[in-house]
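Reading through the structure tokens given below for one structure.
The values are calculated or read from the model by the stated rules, or taken from the named source; none is laboratory data. Here the structure is a predicted model, which is why all the values come from computation and not from measurement. Positions of Cβ are generated from backbone atoms using ideal geometry, with glycine treated the same way; all protein chains shown enter the neighbour counts.
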Amino acid sequence: MATESKGARRTTIIDSNVSWRDWRKNIAESIKYRSLLHNLVKRDLKVRYRNSLLGVMWSLLNPLLMMLVFSLIFGKLMPREDIRQYAVFFLVGLLPWQFFTGSMISGTVSTTGGAHMINKIYFPRELLPTSSILSNLVNFLLAFVVLIFFLYASGIGLTIYALWLPALVLTQIVFTLGLALFLSALNVFYRDVLMILDVVLLAWFFLTPVIYPLEWLGETQTVMGITFEPAQVMRWLNPMASIIDGYRTVLWGTMSSDGPASMDPIYLLRTFITAALIFVVGYLFFSRLQHLFAEKL
């Protein structure tokens with residue numbers, strides 16, 4: 001960074017081509033620009049509800065309407081007596097999934113959508129996908145009010161096991177931000193990333209235990225002479241399956257319990273390590289390419 005003074009005028013030139021190896025410097029700059037991050041989150045929330053009659057109420061009505069539709073399909077047309085209080089069961093899985101998909105879509109387009117800022121001023125570029133994640137986090141927390149209402153209305157309520165929620169939310173944020181950083185950088189160079197993501201998220205939804213419990217996959221399966229536990233493999237290969245299963249365990253319970261149950265600390269730690277590794281890969285990929293964003297945009 002070089003500074004040139006001439007009389008009362010002062011010009012500051014900042015090198016935006018910061019090496020990814022200077023991760024401590026990158027983090028320090030992101031903290032320095034925290035007021036910008038705050039304003040970006042406010043902007044995202046205002047844009048989302050601009051010219052909307054119900055405004056922020058959509059954060060409450062959207063999961064509620066989705067719950068009613070799926071409860072009708074699986075609770076009435078396709079009754080499953082083995083899932084107690086299916087409406088709550090579904091809502092516990094739906095809210096974190098909507099948080100994830102909303103963050104992924106807005107995070108992917110955040111860099112291209114912020115082209116006017118990237119081409120005019122310097123700021124840590126990773127603030128763009130980060131602000132998308134945080135604005136969706138606000139919506140998630142607002143929608144959580146609906147879930148709390150149904151938990152108490154169904155007689156479950158919040159138990160001591162709900163104290164696991166901050167760790168689960170943090171794990172999901174780390175995982176989602178890592179993917180958003182990776183895809184937002186890739187989207188600068190290949191604009192069809194968003195179209196591909198729409199298809200992937202649709203398939204991912206059915207591969208994640210949102211509308212069904214992992215126990216439905218069966219205890220064991222044998223393929224080509226190899227016996228394995230499908231639920232365990234799903235947790236290993238699909239971090240969102242582990243995260244949503246964690247939410248459901250501490251808020252609704254398991255198929256073998258009568259109510260909420262405790263998380264396995266080792267299970268959660270393994271999921272967090274996976275999320276952290278994905279975040280590191282996404283962050284390094286974003287950092288290596290961010291100096292080319294202005295040229296491509």
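One table, with the values for the structure above:
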quantity: Hits in the range 107-131 - residues which are more than 15 Å from VAL188 (Cβ to Cβ) and either within 11 Å of the chain's Cα centre (by Cα) or of a type outside the set (A, V, I, L, M) (or both); calculated: LYS120, TYR122, PHE123, PRO124, THR130, SER131
quantity: Only listed residue being modelled with pLDDT under 75 and either β-branched (Val, Ile, Thr) or part of a helix (DSSP H, G or I) (or both), chosen from SER35, SER19, SER30; calculated: SER30
quantity: Answer from VAL188, VAL233 - the residue that is at pLDDT below 95, surrounded by 13 or more Cβ atoms within 10 Å (Cβ to Cβ) and within 25 Å of HIS116 (Cβ to Cβ); calculated: VAL188
quantity: Answer from ILE273, ILE278, ILE226, ILE266 - the residue that is under 14 Å from PHE175 (Cβ atoms) and exposed (fewer than 14 other Cβ atoms within 10 Å of the Cβ); calculated: ILE273
quantity: Of all residues making up the range 151-166, the number that are part of a helix (DSSP H, G or I) and surrounded by fewer than 17 Cβ atoms within 10 Å (Cβ to Cβ); calculated: 8
quantity: Helices (runs of 4 or more DSSP H) within the range 181-297 that include 3 or more residues more than 29 Å from GLU126 (Cβ to Cβ); calculated: 230-237, 239-251, 265-289
quantity: Filter result for the condition that a residue is closer than 29 Å to GLY114 by Cβ, aliphatic (A, V, I, L, M) and either exposed (fewer than 14 other Cβ atoms within 10 Å of the Cβ) or over 18 Å from the mean Cα position of the chain (by Cα) (or both), over LEU197, LEU284; calculated: LEU284
quantity: Residues being over 18 Å from GLY155 (Cα atoms) and either β-branched (Val, Ile, Thr) or modelled with pLDDT under 80 (or both) - total across the range 83-98; calculated: 0
quantity: So PHE149, is it in contact with a Phe, Trp or Tyr (Cβ under 9 Å, 6 or more places away or on another chain) and of a type outside the set (Lys, Arg); calculated: no
